[in-house]
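The values are calculated or read from the model by the stated rules, or taken from the named source; none is laboratory data. Note that this is a predicted model, so its numbers are computed, not measured. Counting neighbours? That spans all protein chains shown, and the Cβs are built from the backbone with ideal geometry, glycine included. These accessible areas exclude ligands, DNA and RNA; they are computed on the full protein's heavy atoms, side chains included. Shrake-Rupley method; radii C 1.70, N 1.55, O 1.52, S 1.80 Å.
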Amino acid sequence: DETMLTDVKSGLRLEESTQLVLETSGFRLGNGEVSFSATYDIDKQLRSPFTVKWRAGSLALGAVLHVLKGINVTLPEQTGSLAGVLSMDGDMVSLLDEERQRIILDSTTGDLTLLLAGLELANWPVLRKIGRKVKMRKRFETLRFAPLKLKLKLENGRVWLPRTEVQSTALQLFIEGNFDTLKGLDLLVAIPLRNIGRGLLDTPPANTGY
């Protein structure tokens, strides 16, 4: 079963009575795998330091969606079909507010890299709505994407996205910007003129670069 978690492993130990260590743990999901590790300082401070590292390889997005639904993770009610393979790795250093049991975002730093291959979205209501608005209904019924690589940087309550190319059967665009926990999203989207007259495509063109 491609949606079952297998080869689950985990290890927890105490380091000199001052730090709780989650040793490299993880599981397999179909042909993909996930691993992660973490540390948490045991002290009497109101803000306790912790670190997290994780890596995922060759995860089928459909299987991930199935697992999330199975553990009652809140997802958008109106969704279409989703296909593709996800790989990612990242790390984070932060503080935990012991009283509220919340991560202190303005004291959080880290990096996250995502690679999506063979991404396909079909019959998503939000995309069909966009297609109707821009008079490209057919283009947005099924979207297939060229390999997409996202590099995100977390820096004291702000997430930075450098200029990134998104190439699909519907259109090509470039996005960059940041998300601030206080100010919200500040995103720049550039749509090249070459999108005009490109027609309806079955497969996405290769990325062109900037």
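The one condition from (1) touching a residue at least 24 places away in the same chain (Cβ under 8 Å); (2) open to solvent by 40 Å² or more (accessible area, probe 1.4 Å); (3) aromatic (Phe, Trp, Tyr) that TRP160 does not meet is (1). When you look at ALA63, is it buried (at least 17 other Cβ atoms within 10 Å of the Cβ), assigned to a helix (DSSP H, G or I) and not hydroxyl-bearing (Ser, Thr, Tyr), yes or no? In short, yes. Per the listing SER107, SER17, SER87, SER48, the residue uniquely of a type in the set (Ser, Thr, Tyr) and out of contact with any Leu (no Cβ under 6 Å at 6 or more places or on another chain) is SER17.
Within the set SER17, SER25, SER81, the sole residue that is modelled with pLDDT under 95 and over 19 Å from the mean Cα position of the chain (by Cα) turns out to be SER17.
Listed by position, the strands (runs of 3 or more DSSP E) contained in region 87-155 that have at least 2 residues being under 30 Å from GLN45 (Cα atoms) are 109-122, 148-155.
Checked against (1) crowded, with 17+ Cβ neighbours inside 10 Å; (2) touching a helix residue (DSSP H, G or I) at 6+ places or on another chain (Cβ under 6 Å); (3) of a type outside the set (D, E, K, R), TRP124 passes all but a single condition, namely (2).
The residues of region 2-34 that are on the phi > 0 side of the Ramachandran plot and open to solvent by 70 Å² or more (accessible area, probe 1.4 Å), listed by number, are ASP7, GLU16, SER17. Among the candidates THR142, THR113, THR108, the residue that is of a type in the set (Ser, Thr, Tyr), without any contact (Cβ under 8 Å) to a residue 40 or more places away in the chain, surrounded by 15 or more Cβ atoms within 10 Å (Cβ to Cβ) and out of contact with any Cys (no Cβ under 6 Å at 6 or more places or on another chain) is uniquely THR142. Just one of the listed residues (VAL85, VAL93, VAL73) is open to solvent by 40 Å² or more (accessible area, probe 1.4 Å) and without any contact (Cβ under 8 Å) to a residue 12 or more places away in the chain, namely VAL73.
Looking at region 24-46, is at least one residue among the polar types (S, T, N, Q), part of a loop (DSSP other than H, G, I, E, B) and under 30 Å from LEU65 (Cβ atoms)?
Our first condition is that a residue be among the polar types (S, T, N, Q); within region 24-46, this holds for 24-25, 31, 35, 37, 39, 45.
With part of a loop (DSSP other than H, G, I, E, B) added as a condition, the list becomes 31, 45.
When the remaining residues are screened for being under 30 Å from LEU65 (Cβ atoms), the result is 31.
The answer is yes, given that some residue of region 24-46 is among the polar types (S, T, N, Q), part of a loop (DSSP other than H, G, I, E, B) and under 30 Å from LEU65 (Cβ atoms).
Could you check region 169-196 and list, in sequence order, the residues that are touching a Pro at 6+ places or on another chain (Cβ under 8 Å), without any contact (Cβ under 8 Å) to a residue 24 or more places away in the chain and surrounded by 15 or more Cβ atoms within 10 Å (Cβ to Cβ)? LEU173, the sole residue that qualifies.
Screening ARG47 against (1) open to solvent by 60 Å² or more (accessible area, probe 1.4 Å); (2) within 27 Å of ARG158 (Cα to Cα); (3) touching a strand residue (DSSP E or B) at 6+ places or on another chain (Cβ under 9 Å); (4) without any contact (Cβ under 8 Å) to a residue 24 or more places away in the chain leaves a single unmet condition, (4).
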